[in-house]
Amino acid sequence: MLDFGWIRGGDIVRILSIDLGGTHVKVLATGEREPRKAISGPGMTPRRMVAAVKRLAADWRYNVLSLGYPGPVVHGRPVGEPRNLAPGWVGFDFCKAFGKPVRILNDAAMQALGSYQGGRMLFLGLGTGLGSAMIVDGMLEPMELAHLPYKKGRTYEDYVGLRGLERLGKKKWRRAVADVVMRLKAALEAEEIVLGGGNAKLLKTLPADARLGDNANAFIGGFRLWERDVTPRRTARRKTR
């Protein structure tokens, strides 16, 4: 059970944390033990997502929401459409649709927030693409490392995302992941690397100073998004799946 409720202004804050992905939308509320999920996919519009979330959480108590969004987010608002869902997300009024306050963060950043244990931590999401975020002494900085040039005219995402896994095969892909982690750790002076996303489980050994994330950390990140001790500097960036 994850109990992240607290009292603010005389009211108990109960959070519904939403992890929105290209295949499923998952939810977990303050004090509940097991997440619930529904299928998303290319036909998932924001209105259908809202309806699915309300249905999933119909018997749960919550008065605020956090949304991990699989696309770029700036100042708490989506600024780009997700690749694996239907269009219509940019400009959608989530607070009005839910009838409650909603805070939105890129999904990789939300997983990073839930994985953070202190110091200088770099989160890399190995999924369809390459999600990334860094937290330094409690300050969250969503990042866009996926499309930086890596080698042979290709980007980091081209090597360690799903396309790279399919093109290289598991053995060479694992070597590419180890090399990318080493380079980014050195460049960003990270003390710790957290590897999340659906393909992280394919790694046989972890690079030095790296640990595997847990998908449940996305929910913890959603809960922490309403706390004061870990502050997003600039809610942005992009997807892990």
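The values are calculated or read from the model by the stated rules, or taken from the named source; none is laboratory data. What you are looking at is a predicted structure, and each value in this text was computed from that prediction instead of being measured. Please note: Cβ atoms are built from the backbone with ideal geometry, for glycine as well, and neighbour counts cover all protein chains shown. All accessible areas refer to the heavy atoms of the entire protein, side chains included, with ligands and DNA or RNA removed. Shrake-Rupley method; radii C 1.70, N 1.55, O 1.52, S 1.80 Å.
Among rounded, prolate and oblate, which fits the stretch 71-170 when a ≥ b ≥ c are the square roots of the eigenvalues of its C-alpha gyration tensor, a/c under 1.5 means rounded, and a/b larger than b/c means prolate?
Since a/c reaches 1.5 but b/c is at least a/b, the shape of the stretch 71-170 is classed as oblate.
Quote the FRET efficiency, to the nearest 0.05, computed for residue 77 versus residue 47 with a Förster distance R0 of 22 Å and r equal to the Cβ-Cβ distance.
0.80
Which of the trypsin sites (Lys or Arg not before Pro) found in the stretch 38-122 are in a DSSP loop and have at most 16 neighbouring Cβ atoms, other than their own, within 10 Å?
61, 83
Over the heavy atoms of residue 137, what accessible area does a 1.4 Å probe trace out, to the nearest 10 Å²?
Residue 137 has an accessible surface of roughly 120 Å² with all protein chains in place.
Grab the DSSP H runs of the chain that are 4 residues or longer, score each as -39,500 (n - 2.57), total them, divide by all residues and round the 222 nm result to the nearest 500 deg cm²/dmol.
-7500 deg cm²/dmol
If you place +1 on the Cβ of every Lys and Arg and -1 on the Cβ of every Asp and Glu, how big does the dipole about the Cα centre of the chain come out, in debye to the nearest 20?
Dipole size: approximately 840 debye.
Could you tell me which label, among [x] 133; [y] 160; [z] 120, carries the value of volume of the Cα convex hull per residue in Å³ calculated for this structure?
This structure yields the entry labelled [z].
Would you be so kind as to identify which of 133, 66, 196 lies farthest towards the positive end of the dipole of the chain, taking Lys and Arg as +1 and Asp and Glu as -1 on Cβ and the Cα centre as origin?
196
May I ask you to list the lysines whose Cα is less than 18 Å away from that of residue 204, ignoring any residue fewer than eight positions away on the same chain?
The qualifying lysines are 170, 171, 172.
If amide H atoms are built 1.01 Å from N in the plane of the peptide, which residues on other chains or at least 5 residues away come under 5 Å of the amide H of residue 140?
Under 5 Å from the amide H of residue 140: 231, 233.
Using θ = phi - 60° and the Karplus form 6.51 cos²θ - 1.76 cosθ + 1.60, what ³J(HN,Hα) does each residue of the stretch 170-179 get, whole Hz, x for Gly and Pro?
4, 5, 5, 5, 4, 5, 5, 4, 4, 5
Report the gain in length on full extension from residue 170 to residue 12: 0.36 nm times residue separation, minus Cα-Cα distance, nm rounded to one decimal.
Once the chain is fully extended between residue 170 and residue 12, it gains 52.1 nm.
So between residue 55 and residue 139, what do we pick up on full extension, going 0.36 nm a residue minus the alpha carbon distance?
Result: 26.8 nm gained on full extension.
Heavy atoms only, probe 1.4 angstrom, no DNA, RNA or ligands counted: give me 59, 214, 179 ranked by accessible area, highest first.
59, 214, 179
Give the aspartates and glutamates reachable from residue 54 as a straight Cα distance under 19 Å; neighbours fewer than 8 places away on the same chain don't count.
Filter leaves 19, 32, 34, 93.
Going by accessible area, probe 1.4 Å, with all protein chains left in place, what is the ranking of 123, 92, largest first?
My answer, sorted largest first, is 92, 123.
Hey, can you grab everything whose amide H is under 5 Å from the amide H of residue 13? Only 5+ residues off in sequence or another chain; H modelled, so Pro and N-termini drop out.
So residue 13 has HN proximity to 6, 7, 8.
For the chain, build the charge dipole from Cβ charges (+1 Lys, Arg; -1 Asp, Glu) around the Cα centre, then report which of 165, 213, 80 sits farthest towards its positive end.
Sorting the options by dipole projection puts first 165.
Given labels modelled 7 Å from the Cα in the Cβ direction, how far is it in nm from residue 163 to residue 214?
Placing both labels 7 Å beyond Cα along the Cβ direction yields 3.4 nm.
Report the full-extension gain for the segment residue 154 to residue 39: residue separation times 0.36 nm, less the Cα-Cα distance, to one decimal in nm.
38.1 nm
Report for the chain the percent antiparallel among DSSP-assigned beta bridges with both residues inside it, nearest 5.
So the antiparallel bridges amount to about 55 percent of the total.
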